[in-house]
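Heads up, the thing below is written out as structure tokens.
Please treat every number below as a calculation from the coordinates, not as lab data. Quick caveat: nothing in here was measured; it's all calculated off a predicted structure. Cβ coordinates were reconstructed from backbone atoms using ideal geometry, including for glycine residues, and neighbour counts include every protein chain displayed.
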Amino acid sequence: MDFLSIILDILLSAAFWTAVLRIATPYVLGTLGELVCERAGVLNLGIEGIMTLGAMAGWMAVYQGADLWTGVLAAAACGALLGLLHAALTVPLGLSQHVTGIGVTLLGTSLSYFVYRLVLPQASTPPTIEPFQPLALPGALAQTPLTYLAFLLVAVVAYVLYRTPVGLAVRMVGENPAAAEAQGLNVTAIRIGAVMAGSALMALAGAFLTLSAFNAFFFNMVNGRGWICIALVVFASWRPGKALLGALLFAVFDALQLRLQQASGGILPYQLFLMMPYLLSILALVLVARRASYPRALMIPYRKGER
Amino acid sequence: MSSPVKGRPEVVLRLAGISKRFGPLLANDGISLTLRAGEVLALLGENGAGKTTLMNILFGHYVADEGTIEAFGRPLPPGSPRAALEAGIGMVHQHFTLADNLSVLDNVAVGTESLWRWRSDRGAARRRLLDLSQRFGLEVRPDALVGDLSVGERQRVEILKALYRDARILILDEPTAVLTPQESAGLFETLRRLTADGLAVVFISHKMNEVFAASDTVAVLRAGKLVATHATASTDRAKLAELMVGRSVKPPAPAPLSPGEPVLELAGITVASGHGRPLLDGADLTVRRHQVVGIAGVSGNGQTALAELVSGLIRPDSGKLSLKGSVVEHGDPADMVRRGVARIPEDRHSAGLVGTMAVWENLIAERYHDSAFSRFGVLRRGAAKTYAREVIEEFDVRCPGPDARTQLLSGGNMQKLILGRTLAHGPDLILASQPTRGLDIGAVSYVHSRLLDARAAGAGVLLISEDLDEILALADCVTVAYHGRLTPLLPHDRVSVSQLGLLMAGHWDILRDILPETVDAA
């Protein structure tokens, strides 16, 4: 079989597209979350830690007897709290967003492992829960409710950003906080609010991993997905619709490389296939992001009464 | 909306005993002012006199240490732009507070609706904006991105922003600093329409001609104090200038000198930009010894590229640059300094001085390789500091000494430091970009006299300035930059401010009237 027909076979199978939508879900949620933060002018490198905390908190709530949707809410609340920490340090105090974000990632990750071990000191094989089940729909539409929620949230975030006063306010503080202030807006409150909302979305991305994609919490389970989301925001030029597109594109590459690994039958080292989605993302980023118009006040702390 | 009673219109704003201290500096010292409906009050004063501080207190960006503000008879809570907006006060900042990536309509409407509505009423916002735009003759396109607008259009958006929020008192901070003379005239026309409608306007300025062109009343601030308030019609320029500075000032008077050999020649210089039209487009220019050549133009028409070219920071894509008759092939900044180019950069903070370093370090920044200041790769600190003391003395830099940190100096003294660094060793060409921007009248006249001294000593001066009065006072010849092109040199006594304004706006057809002989050749 030649290479093209292998690819064609893969692309025509419903199972492939089922996998694509499943793989894309955490990227969609994480990218949306990062996008909301950055639109308000705050880079949130805490995403990796916030996703880990969301994954742990959601799973832990369900493991302790809560139902799945309560687990989702618990994850979002924990994400918002960690987002509040990031916002408190970067917005009113104006600390470096890079350094603070990395600190938040380290804290979120370690805290999750710590709490997990505190509750389950002896577990050698990770205990499992009963996760979300796919809806009874045909073909690639058989996805879990969280995937549908993620796709719905793309539309919600786009609507809020472009069609509501609060969305305009968020975009304004990300573009020119001094102008927002002169229009009577409370820059600090809006930025903190946006970072908390964005972080809640990131935590949902983590919760999807433990409550939908898998049924347990592992160390390293987020595995760099947060960093990909940061790149996807740039790829998307800070627009929700394009963020969805970017997440899907990445998921296609990822699903494809998994299947090519199997199809290649060990002729090529599997690491080559693992690299593929990342290489292609970098390429896409180079092609797209050069024209991107970023929020002008991104990463610039705002202090009242200074120019 | 109350219509003003015949005779004395109502007082809409009352400032009483406003004081504000920044560290050791008393920026506002017990200032009291009143403003009436339909009045245009000019707030005149030098840079640093406290004008902007006072208006920032009024608009709630700062909180006054003492004093009270009353708007329309009600006390105004301090420190809240929102409260100022609600009281009917609108402010057009000197540096526009607009978001470039958002549309005009977004910029105007943001913050005017309650945040937690499920839908913005864009239709109503658009109708209201267009209605205001029509009523006051302020033409705008609601859907254009602010980043694509000209400076004049942006200012219209700023004014509309205030009107959209029902401002009855409009504060304009140095509104004409970025406008051509014609655009300024348009702005004053707008102000007349606004006051006819009963609005009160405060505009901040340090330019005398604007005060007379646009204001009913003038209040003069000096060193944080209100020194006088006059009806504009009952005063004159000389008197206001004296009030502003605290002593009488003489305008610079260049002695007539005949130009010598060329020190700088540009022939067909083109500098491409990354996108769109080139930064410089076939520019020709000659600067001779004993000559000041002024470059007039609205900022962004190639002046920055020209300055960077002559400093050696960028290279032309085509064309020839010669210094003292020899062609410069691969100029870099150090090479240009060695060839006798002295540079007074446009922004002294970012490109002129290193604020966190000592005065002496900044003074030798262009010459630390000289054997006078370093030996075997080690700085000769003693020699450098002695030299620094001489320059500080010679150029009257007010600072504690050579070890003082440069950022602690005032703007005027920083500029003197730069003058000292560049003029101390007799340059052949002086590139002066906005040399007096942000300086007070005293420092301005010092800079001007130093530049004229250098001209008398045989240097050629390339003066890039947005201040037409400065250009016409100093320059022997003027050229106007527009879209990267330069007009032929125009003798300063053959052009008027209004002609320069037209040239700055791109109406080069009038060159025929100013210079019939050269234009036909071109």
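By the count of neighbouring beta-carbon atoms within 10 Å, fewest first, B:E470, B:E393, B:E10 end up ordered B:E393, B:E10, B:E470.
Averaged over the residues of peptide A:158-165, the number of Cβ atoms from other protein chains lying within 10 Å of each residue's Cβ is 4. Legend: calculated FRET efficiency, B:R127 to B:D335, from the Cβ-Cβ distance at R0 = 51 Å, rounded to 0.05, equals 0.25.
Could you work out the per residue convex hull volume over the alpha carbons of the range B:190-269, in cubic angstrom? Present the calculation step by step, with values, prior to reporting the outcome.
Values: hull volume 17.1 nm³, N = 80.
Normalising the Cα hull of the range B:190-269 by residue number yields 214 Å³.
Modelled label positions at B:H95 and B:F376, each set 7 Å beyond Cα in the direction of Cβ, lie 4.7 nm from each other.
Among the trypsin sites (Lys or Arg not before Pro) within the range A:251-297, those in coil by DSSP and having at most 13 neighbouring Cβ atoms inside 10 Å are A:R290, A:R291. Within the range B:428-470, the ratio Rg/Rh, alpha carbon atoms throughout and Rh by Kirkwood, equals 0.96. Can you give the local net charge around A:F273? Use residues other than it whose beta-carbon is closer than 15 angstrom to its beta-carbon, Lys and Arg +1, Asp and Glu -1. Neighbour charge sum, excluding A:F273 itself: 0.
Counted residue by residue at 0.36 nm each, then reduced by the alpha carbon distance between them, the extension gain from B:R141 to B:T386 reaches 82.2 nm.
With a 10 Å cut-off around each Cβ of B:114-125, the average count of Cβ atoms from other chains is 3. The angle between the Cα long axis of helix A:47-63 and the main principal axis of chain A comes to about 70°, on a 0 to 90 degree scale. Across peptide B:55-67, the mean count of Cβ atoms from other chains lying within 10 Å of each residue's own Cβ comes to 1. Here the label points at B:I510 and B:A223, each 7 Å from Cα along the C-beta direction, are separated by 4.2 nm in the simple model. As a rough guide to protection, the peptides B:405-413, A:127-135 ranked by mean Cβ packing within 10 Å, highest first, stand as B:405-413, A:127-135.
Can you order the peptides A:243-256, B:215-228 by their average number of other Cβ atoms within 10 Å per residue, highest first? Don't skip to the answer; put the middle values down first.
On the way: A:243-256: 22.1, B:215-228: 20.5.
Averaged packing, sorted descending, gives the order A:243-256, B:215-228.
Under 11 Å from a label point set 7 Å out along the Cα-to-Cβ vector of B:R82, the amide N atoms of the range A:154-187 belong to A:184-187.
Could you rank the peptides A:23-36, B:254-267 by their average count of other C-beta atoms within 10 Å per residue, with the highest value first? Could the numbers behind the result be given before it?
Working: A:23-36: 29.2, B:254-267: 15.6.
So the order, starting with the most tightly packed, is A:23-36, B:254-267.
The amide H of B:L13, built 1.01 Å from its N in the peptide plane, has B:L35, B:F72 as neighbours under 5 Å, considering only residues 5 or more places off or on other chains.
Pull up the DSSP beta bridges for the protein assembly as shown and report the antiparallel fraction as a percent, rounded to 5. Counting DSSP beta bridges with both partners in the protein assembly as shown, the antiparallel share is about 55 percent.
3J(HN,Hα) along the range B:127-143: 4, 5, 4, 5, 4, 4, 4, 6, 4, 10, x, 9, 6, 9, 9, x, 9 Hz, from the Karplus curve 6.51 cos²θ - 1.76 cosθ + 1.60 with θ = phi - 60°, whole Hz, x for Gly and Pro.
Of the options B:I314, B:L468, B:V92, report the single residue whose Cα projects farthest towards the positive end of the charge dipole of chain B (beta-carbon charges: Lys, Arg +1; Asp, Glu -1). Comparing the listed Cα positions along the dipole, B:V92 ranks first.
Under 5 Å from the amide H of B:R21 lie the amide H atoms of B:A27, B:D65, each residue being 5 or more positions distant or on a separate chain, with H modelled from the backbone and absent for Pro and chain starts. I need to check one value: relative contact order of chain A, counting alpha carbon pairs closer than 8 Å and at least 6 residues apart, in percent. Here the relative contact order equals 35 percent. What the phi angles of the range A:173-187 give under the Karplus curve with 6.51, -1.76 and 1.60, with θ = phi - 60°, is a coupling list of 5, x, 8, 7, x, 5, 5, 4, 4, 5, 8, x, 7, 8, 4 Hz, glycine and proline written as x. Please name which of A:L135, A:L149, A:G41 has its Cα lying farthest along the dipole of chain A towards the positive end, using unit charges on Cβ (Lys, Arg +1; Asp, Glu -1) and the Cα centre as origin. Of the listed residues, the answer is A:G41.
Checking the a/c ratio against 1.5 first, then a/b against b/c, what shape does the Cα gyration tensor give for the range B:99-165? Before the final figure, lay out each step's value.
Numbers: a/c = 1.99, a/b = 1.37, b/c = 1.46.
Oblate, because a/c is 1.5 or more while a/b does not exceed b/c.
State the extension gain, in nm to one decimal, for the chain segment bounded by A:L245 and A:W227, taking 0.36 nm per residue of separation less the distance between their alpha-carbons. List each step's numbers first, then the result.
Working: separation 18, 0.36 × 18 = 6.48 nm, distance 1.71 nm.
Contour length minus the Cα-Cα distance gives 4.8 nm.
When Rg and the Kirkwood radius Rh are both evaluated on Cα atoms of the range B:357-424, their ratio Rg/Rh stands at 0.95. Each Lys and Arg adds +1 at its Cβ and each Asp and Glu adds -1 at its Cβ; summed about the Cα centre, the range B:357-424 shows a dipole of about 180 debye.
A simple spin-label model places pseudo-atoms 7 Å from Cα toward Cβ; at A:F151 and B:L257 they are separated by 7.8 nm. Cross-link list B:K324/B:K416; B:K225/B:K385; B:K51/B:K239; B:K51/B:K385; B:K161/B:K207: which exceed 31 angstrom alpha carbon to alpha carbon? The answer is B:K225/B:K385; B:K51/B:K385.
Once the piece of chain linking B:R21 and B:W118 is laid out straight, how much longer is it, given 0.36 nm per residue of separation minus the C-alpha distance between them? Present the calculation step by step, with values, prior to reporting the outcome.
Values: separation 97, 0.36 × 97 = 34.92 nm, distance 4.41 nm.
Between B:R21 and B:W118, full extension yields an extra 30.5 nm.
Charge dipole (Cα centre; +1 on Lys/Arg Cβ, -1 on Asp/Glu Cβ; no other charges) of the protein assembly as shown amounts to roughly 1240 debye.
If you take all other residues with their beta carbon under 11 Å from the beta carbon of B:K385, and give Lys and Arg +1 and Asp and Glu -1, the sum is 0. Per the Debye calculation on the protein assembly as shown with a single equal scatterer at every Cα and no solvent contribution, log₁₀ I(q)/I(0) for q = 0.07, 0.10, 0.11 Å⁻¹ amounts to -0.70, -1.16, -1.27. Listed values for the range A:128-141 are Karplus-derived 3J(HN,Hα) couplings in whole Hz (6.51 cos²θ - 1.76 cosθ + 1.60, θ = phi - 60°), namely 10, 10, 8, x, 4, 9, x, 5, 7, 10, x, x, 5, 6, and x replaces Gly and Pro.
Computed over the alpha-carbon pairs of chain A, the distance histogram in 10 Å steps reads 6, 27, 33, 23, 9, 2, 0 percent, short to long. Amide H contacts of B:N301: none lie under 5 Å away among residues 5 or more positions distant or on a separate chain (H built 1.01 Å from N in the peptide plane; Pro and chain starts excluded).
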